[in-house]
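Asks: Submitted below is the structure of interest, expressed as structure tokens.
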Amino acid sequence: MPVTVQDTSDTTAPSSLKARVYSMLEGDPESGGRAAWAIDLFLMLLIIANVAATVLESVQSIADAYPAFFSGFEVFSVAVFSIEYVLRLWVCTENPAFAAAVGGRLKYAATPLAIVDLFAVLPFYVPFLIPVDLRFMRVLRLMRIFRLLKLGRHSLALKFVRNAFLKEKEALTIAGFVLVILVVFSSCLMFYLEHDAQPGAFTSIPQTMWWAVETLTTVGYGDIIPVTPAGKVLGSFIAVLGIAMFAVPTGILAAAFLEEVRSQEGDREDDTDTAPETTIALLERLEGLRDRGVLSEEEFSDQKDRILGKRGGKKE
């Protein structure tokens, strides 16, 4: 009887390690286990701490009192974010969309989240590579606020907001275009109505655009106001129209956000209604991950119990 010998050469080790790291950084948190949850939590807290440090460092008295702390924390944060960025570039080939060794990594590096990751560490390295003056250094230090955008990778709510923007980008673009037209049109009308009465306030159409923007956004600083009867009527109409105009994109985003949340809830309900053949496929996939060393025996048992528990709960 022929005996099948399983190939256990060392060539599978790097692949298994890469798959394991990918599961913890980019993959499903369920397959990544507790390590994925711990890494997500650590990075999220570090990002929030970086934003807080950037805000506090802008207070001169605090910055002068604790210069070593801010400098050391910056070095530590850049080291962590740099390691994260390099690891993400390394494991991104586990994703079929970035499977090519070189081209796939370049494609991944051009994705919005990867660009945000790069901008989070770039201000630290640029002064060492390119000689810059102090004014440009201040601009680069301000760019550290990009680390706040990294929360979008770890927060489910921010992912919902991003997906809502992407789904309704055409409608939002149209709403923004209409708003720009309204600003230009109202500025032209108000300039011709108020220029003769207030030549010092409504000096030109571009200057009048400031009045249009603050009126449409209902800010109303009061530094430029119409004084003629026709100008007041137009100003009242524009103010009311501005409320309606800003309600349109708000409604679009709110509807898209709710749809995204409902879609996520629907996916979870579908997960609990797993067909028997799908359950078998999931168990086979778990066994394969265990055999390749991606999952430990304990993690394999936990995931197996979870899948079988769903089936049992559904039958009851």
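Asks: Please order D117, D196 by the number of other Cβ within 10 Å, starting at the fewest. Could the numbers behind the result be given before it?
Replies: Working: D117 24, D196 9.
Ranked by crowding around the Cβ, least crowded first: D196, D117.
Asks: Still on this structure: Any idea which of L216, C188, I252 is furthest toward the positive side of the dipole for the range 169-272, if Lys and Arg beta-carbons carry +1 and Asp and Glu beta-carbons -1?
Replies: C188
Asks: Please tell me the relative contact order of the range 169-272 in percent, rounded to the nearest whole number, where contacts are Cα pairs under 8 Å and at least six residues apart. List each step's numbers first, then the result.
Replies: Working: 73 pairs, mean separation 28.6, N = 104.
This gives 28 percent for the range 169-272.
Asks: Sum up the charges of everything whose Cβ sits under 14 Å from the Cβ of A68, counting Lys and Arg as +1 and Asp and Glu as -1, but leave A68 out.
Replies: On the way: positive: none; negative: E57, D64, E74.
My count for the surroundings of A68 gives -3.
Asks: Now a separate question. Return the subset of K107/K304; K18/K107; K107/K159 for which the Cα-Cα distance in this structure is over 24 Å, preserving the input order. It would help to have the intermediate numbers written out before the result.
Replies: Values: K107/K304 35 Å; K18/K107 18 Å; K107/K159 21 Å.
Beyond 24 Å: K107/K304.
Asks: Might you report the magnitude of the Cβ-based charge dipole of the range 169-272 about its Cα centre, with Lys and Arg at +1 and Asp and Glu at -1, to the nearest 20 debye? Walk me through the intermediate numbers first.
Replies: Details: 4 positive and 12 negative charges, 126 e Å.
Computed about the Cα centre, the dipole is about 600 debye.
Asks: Give, as a single signed number, the net charge of other residues whose beta carbon lies under 13 Å from the beta carbon of I225, with Lys and Arg counted +1 and Asp and Glu -1. Intermediate results must be reported in sequence, preceding the final value.
Replies: Details: positive: K232; negative: E194, E214, D223.
For residues surrounding I225, the net value is -2.
Asks: Still on this model: Extending each Cα 7 Å along its Cβ direction at S82 and F177, get the distance between those two points in nm, one decimal.
Replies: 4.5
Every number here is computed from the coordinates shown, using simple stated rules; none is lab data. Computed from a predicted model, the values in this text were never measured in an experiment. Cβ sites come from the backbone with ideal geometry, for glycine too, and all protein chains shown count toward neighbours.
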